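Notes follow the structure.
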Amino acid sequence: MGSSSMNKKQRSHQAYLKAKANYHKRVIPKMKTCVHCGRRRSSKRFSKSPSNRDGLQSWCNLCVAVRAGKWGRDNRGRVRELGRKRRLHNLAVTRARSRDWYKENRIAILRKEQDRRRKDKLRLQASARVSSALESGKIRRPKKCSVCHRKCKPDAHHDSYEPSQQLKVKWLCPPCHKRWHFDMKREGRSS
């Protein structure tokens, strides 16, 4: 079969494959002008495109992102429908992958779940003991935060939920309490 019997689509595909094979030989310019916005930008601001002579897309990444965002907003129904179709199409694959992952990690998952249940049980137990101690007058809630000294009704914070430590609490206002947990999580320590 000669090149004359190839249709336009086949010739275009062959040209694309040839350009892709020679892509690594190209010299990419340092600067390029976006044909959409007309701004001269660094070549790093353009995605690769083997079919173009210089190896870069003609629109800069910013213009492409703006166009994609506008299309998404203008076609919300279609985007939702495409997403729904994709999820349904991939449902069996996703379920099989999840099943396989669970089989491989079952013991670790169960151990983590047991630890979480144990910790939650101790946390609830500690909270109940503090409430009971407050009601009986065994401990008193101060009228200000122990960190920022702001007048408020502070929360009881436990450094440890272990039974011997359940009544040893810090009295923190809600913002300080939230910040304390955030800092602990950021440092990688459990709270």
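Tell me, yes or no, whether the range 109-121 has at least one residue that is in the same structural domain as Pro154 (by TED's automatic domain parsing) and in contact with a strand residue (DSSP E or B) (Cβ under 7 Å, 6 or more places away or on another chain). No, the range 109-121 has no match at all. No other residue among Val93, Val79 is touching a Gly at 6+ places or on another chain (Cβ under 9 Å), assigned to a helix (DSSP H, G or I) and among the hydrophobic types (A, V, I, L, M, F, W, C) apart from Val79.
Hey, among Lys170, Lys144, Lys119, which residue is over 21 Å from Lys185 (Cα atoms) and either modelled with pLDDT under 90 or among the basic types (Lys, Arg) (or both)?
When all the criteria are applied, what remains is Lys144.
Checking each residue in the range 28-48 for being within 28 Å of the chain's Cα centre (by Cα) and farther than 10 Å from Ser58 by Cα picks out Lys44, Arg45. Of all residues in the range 59-82, those that are farther than 18 Å from Arg40 by Cβ have Cβ atoms under 7 Å from Cβ atoms of residues that are surrounded by 12 or more Cβ atoms within 10 Å (Cβ to Cβ), 6 or more apart or on another chain, in Gly72/Val79. Going through the range 136-191 one residue at a time, which ones are farther than 29 Å from Arg116 by Cβ and not in a loop (DSSP other than H, G, I, E, B)? Matches in the range 136-191: Ser136, Lys144, Lys151.
The values are calculated or read from the model by the stated rules, or taken from the named source; none is laboratory data. The model shown is predicted, which means the values in this text are computed figures rather than measured ones. A quick note on method: Cβ atoms are made from the backbone with ideal geometry, for glycine too, and the neighbour counts reach across all protein chains shown.
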